[in-house]
Amino acid sequence: MQMLASAPIKLLLVEDNPGDARLVQIMLRETGGFRLTCAASLAEARQSLLDSPPDAILLDLSLPDCQGMDTVDAIRKAAPQAPVVIFTGLNDEAVGLRAMQHGCQDYLVKGQGDGNLIRRTVVYAIERKAVDEERRGNAEQLKRVLLQTVRAVSLTLEMRDPYTAGHQRRVAQLALMIGTHMGLSDIQLEGLHTGALIHDIGKINVPSDFLSRPGKLSPAAFAVIRQHSADGFEIVQDIEFPWPVAKMILQHHERMDGTGYPHGIGGDDIIIEARILAVADVVEAISSHRPYRPALGIDVALDEIKRHSGTHFDPMVVAACLEVIEKVGDPFKAE
Ligand SMILES: [Fe+2]
């Protein structure tokens, strides 16, 4: 912002009415501190943005070659980084507010105020745009760091248990494909992906030789393994994810008919993300190699979910999984 105190502000005025443009020119010359460029149409404005990017844009909404919010959208597309102040002849606050929803920083009504008001509004718009950009950048970085952390946790577990290396990542990939096919919202899909990446995190509490032991497990060892979904829930329940990740982990071994664990709940009591996770988990586990058996392949996996559709698994999820795999083939083949 120091630049504003010393250098003049490069302002692009987009205004087709020569009288209005002249008035702004005179007012800003009196106020000082501006280097003004004028454009009388959207085409001229676009050219000017290419020739010399401004610090801010003062924009009339009705131009010979564009009108209303289309003007806003066109200018924002041509110069996404530039702060935009709407310059409108309509004494209509709703237009100004709508323009702000379309990404403009502020609005001015023609014939009201003087050069100082324009200057203040433009300076404030530049500052607000800078703050908005910084905030957006920070939010995006935070989101990236969250995903990287979740991946690191996922990898930590799989390093300890090499027989399931890549299991969570592959389950996440298939779950995402099923969820997308079922039309889940973007936010639900983000949560599904995140939950799937760490769905077996509770296995950190299972002795590693239980996980890698070939042959049948004793009922006691099996009981310890079954504890992993509740343990996983306990590990993540205090993380304020914007998605139901803890529930997904807790419920991924629940079954539609109530024969699953840990709580034996069924039907809609199991959240949709966990119902998808259950199918993706079983398909991946059966298709892949395990310490106690070789890989059985995708066809055996699909037979298994078909056979238990409606009893263990949500029939809608099973149908979506079959359709997706029908379309793309073996989802794990590339690995
Ligand atoms: Fe599991």
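The values are calculated or read from the model by the stated rules, or taken from the named source; none is laboratory data. Worth saying up front: this structure is predicted, and the values here are computed from it rather than measured. Cβ: placed from backbone, ideal geometry, glycine included. Neighbour counts: every protein chain shown.
Below, the figures for the structure above:
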read-out	value
Criterion (farther than 20 Å from ALA295 by Cα and of a type in the set (Phe, Trp, Tyr)) met by exactly one of PHE210, PHE233	PHE233
Residue list for region 301-319, filter: assigned to a helix (DSSP H, G or I) and either outside the structural domain of GLU273 (by TED's automatic domain parsing) or touching an Asp or Glu at 6+ places or on another chain (Cβ under 9 Å) (or both)	ALA301
Any chance SER52 is surrounded by fewer than 20 Cβ atoms within 10 Å (Cβ to Cβ) and over 25 Å from ARG136 (Cα atoms)	yes
Residue tally, condition closer than 16 Å to ILE239 by Cβ, surrounded by fewer than 20 Cβ atoms within 10 Å (Cβ to Cβ) and within 16 Å of the ligand (Cβ to nearest atom), over region 174-206	1
Where a residue in region 192-210 is more than 13 Å from GLU158 (Cα to Cα) and its partner, wherever it lies, is away from the ligand (no atom under 13 Å from the Cβ) and modelled with pLDDT under 90, with Cβ under 8 Å and at least six apart	PHE210/LEU217; PHE210/ALA221
Number of positions in region 25-44 that are within 42 Å of the chain's Cα centre (by Cα), farther than 15 Å from SER62 by Cα and either charged (D, E, K, R) or buried (at least 20 other Cβ atoms within 10 Å of the Cβ) (or both)	2
Region 249-292, residues that are of a type in the set (Gly, Ala, Ser), out of contact with any Cys (no Cβ under 9 Å at 6 or more places or on another chain) and on the phi < 0 side of the Ramachandran plot	GLY260, GLY266, ALA274, ALA278, ALA285, SER287, SER288
Within region 97-119, considering residues that are more than 27 Å from the chain's Cα centre (by Cα) and in a helix (DSSP H, G or I), the one surrounded by the fewest Cβ atoms within 10 Å (Cβ to Cβ)	ASN116
Residue match in region 75-85 (condition: crowded, with 20+ Cβ neighbours inside 10 Å, part of a strand (DSSP E or B) and more than 32 Å from the chain's Cα centre (by Cα))	no
Output for region 207-220, where each listed residue is in contact with an Asp or Glu (Cβ under 9 Å, 6 or more places away or on another chain) and within 15 Å of the ligand (Cβ to nearest atom)	LEU211
HIS228 being within 24 Å of the chain's Cα centre (by Cα), within 11 Å of the ligand (Cβ to nearest atom) and surrounded by 12 or more Cβ atoms within 10 Å (Cβ to Cβ)	no
Some residue of region 236-249 being surrounded by 22 or more Cβ atoms within 10 Å (Cβ to Cβ), at pLDDT 95 or above, within 14 Å of the ligand (Cβ to nearest atom) and over 22 Å from MET159 (Cβ atoms)	yes
First in region 250-269 and assigned to a helix (DSSP H, G or I), second anywhere and within 16 Å of the ligand (Cβ to nearest atom) and among the small types (Gly, Ala, Ser), Cβ under 7 Å, 6 or more apart	LEU250/SER229; LEU250/ALA230; GLN251/ALA274
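Each row is one residue, and each column tells you yes or no for (1) hydrophobic (A, V, I, L, M, F, W, C); (2) within 11 Å of the ligand (Cβ to nearest atom); (3) outside the structural domain of ARG169 (by TED's automatic domain parsing); (4) within 22 Å of HIS193 (Cα to Cα).
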| residue | (1), (2), (3), (4) |
| --- | --- |
| MET256 | yes, no, no, yes |
| GLY266 | no, no, no, no |
| LEU277 | yes, yes, no, yes |
| ALA285 | yes, yes, no, yes |
